[in-house]
Amino acid sequence: MIIVKLGGSLITDKSKAFVIRGGVLRRLSGEIKRGAGKDLIIIHGGGSFGHPIANKYMLQRGFQSKEQLRGVYLTRLYMDILNRKVLEALTNKSVPAISIQSSANIICDNGRINEFNIEIVDGFIKLGLVPVMYGDVVLDKSRGFCILSGDQIVSHLAMEFDVDRVILATDVDGVYTKDPKKFEEAKFIKEISKDNTQILDKLEISENDVTGGLKGKIIELLKLAEKGTESIIINGLVKGRLEKAILGERVLGTKVF
Ligand code: ADP
């Protein structure tokens, strides 16, 4: 089985609220169709459909006031709209994609997944379908609600299932010493191993992300490395890279193992 995460920064324009990168999404859907022969789960992030509202209503703090509830239902609404676009793109390329709504299937506790009936995911896979899940606002036993990142869903499912490869597609080639979009001198990091995590202390990660951004991603992937599952962070903006990664070919990216 392969788990593919389509990052929010890849499928949306993070600089503008509610803007989808339609062309990118269509191309990636084709790559998924051509690449996939094995069982597959797709997760997508929220990008500019999730983060602006979640930030505005400070949803990452959990329930503090009734004013935040508007942020909760708007986040749900816009994540549904984005999810529908992803589903349309995938099914237009005949990927047998079926959406599973996170907030109806997952309850968190202190920001971590606490209850999640993965039989639903498993059942659809066994039928030959491709479950699609996404980061969202979900119920939280201690905080009322929380923001659940797509990255946490990826690591949870990769722990539960027998997964060959986890592929995180984003809008940069992988992990650098600094944000490559802001610093020309940023150096590419080819590998992050669970036995050599000192490299993480040197990382400068600039972000304003309610789900923990890149650092959150690496932490989730290192948990998988402990289990023996390898992951790779790749640039989905480069044509063909996701397809090759799904097929198991060598591609440029940061390997976490
Ligand atoms: P996604 O939304 O695709 O899941 P994120 O936005 O959480 O991804 O993380 C990817 C972004 O992190 C990139 O767009 C990049 O600009 C930014 N970033 C910040 N610091 C770094 C770094 N040290 N190396 C690579 N990317 C970084």
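Here, each number is a calculation from the coordinates, and none is a lab measurement. Owing to the predicted nature of the structure, the values given are computational and were not obtained by experimental measurement. For neighbour counting, all protein chains shown are included, and Cβ atoms are generated from backbone atoms with ideal geometry for every residue, glycine included.
With a sphere of radius 14 Å drawn around the Cβ of ASN196, what net charge do the other residues whose Cβ falls strictly inside it have (Lys, Arg +1; Asp, Glu -1)?
0
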| remark: Stokes-Einstein, Kirkwood over Cα pairs, region 49-190, 20 °C, 1.002 mPa s; D in µm²/s equals 127 µm²/s
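Starting from the Cα-Cα distance between THR177 and LYS38, subtract it from 0.36 nm times their residue separation and give me the gain in nm to one decimal.
On the way: separation 139, 0.36 × 139 = 50.04 nm, distance 3.39 nm.
Full extension of this stretch gives 46.6 nm more.
Using DSSP to define loop residues, name the trypsin sites (Lys or Arg not before Pro) in region 13-60 whose beta-carbon has at most 11 other beta-carbon atoms within 10 Å.
Values: sites: LYS14, LYS16, ARG21, ARG26, ARG27, LYS33, ARG34, LYS38, LYS56; in loops: LYS14, LYS16, ARG21, LYS38.
Within region 13-60, the qualifying trypsin sites (Lys or Arg not before Pro) (loop, at most 11 other Cβ atoms within 10 Å) are LYS16.
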| note | Here the alpha-carbon Rg of the chain over 2.2 N^0.38 Å rounds to 0.94
| task | Report the trypsin sites (Lys or Arg not before Pro) located in region 110-196 that are in a DSSP loop and have at most 15 other Cβ atoms inside 10 Å of their Cβ, or state none. | result | LYS141, LYS181, LYS182, LYS187, LYS190, LYS194
| field | At most 14 other Cβ within 10 Å, DSSP loop - GluC sites (Glu not before Pro), region 1-110 | value | GLU67
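Net charge near LYS126: determine it from the other residues with C-beta under 12 Å of the C-beta of LYS126, scoring Lys and Arg +1 and Asp and Glu -1. Walk me through the intermediate numbers first.
Working: positive: none; negative: ASP39, GLU119, ASP122.
Value of the local net charge: -3.
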| message | With viscosity set to 1.567 mPa s at 4 °C, what whole-number translational diffusion coefficient in µm²/s follows for region 166-208 from Stokes-Einstein and a Kirkwood radius over Cα pairs? | response | 114 µm²/s
| Whose amide H sits under 5 Å from the amide H of SER99, counting only residues 5 or more places off or on another chain, with H placed in the peptide plane? | VAL132
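Cα convex hull of region 42-106: mean projected area in nm², to one decimal? It would help to have the intermediate numbers written out before the result.
Numbers: hull surface 18.8 nm².
For region 42-106, averaging the hull's shadow over all directions gives 4.7 nm².
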| task | For region 1-55, report the convex hull volume of the alpha-carbon atoms normalised per residue, in Å³, without decimals. | result | 62 Å³
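If you average 1/r over every pair of different alpha-carbon atoms in region 1-118 and take one over that average, what Kirkwood value in Å do you get? Please list the in-between numbers first.
Details: mean 1/r = 0.0649 Å⁻¹.
15.4 Å is the Kirkwood radius here.
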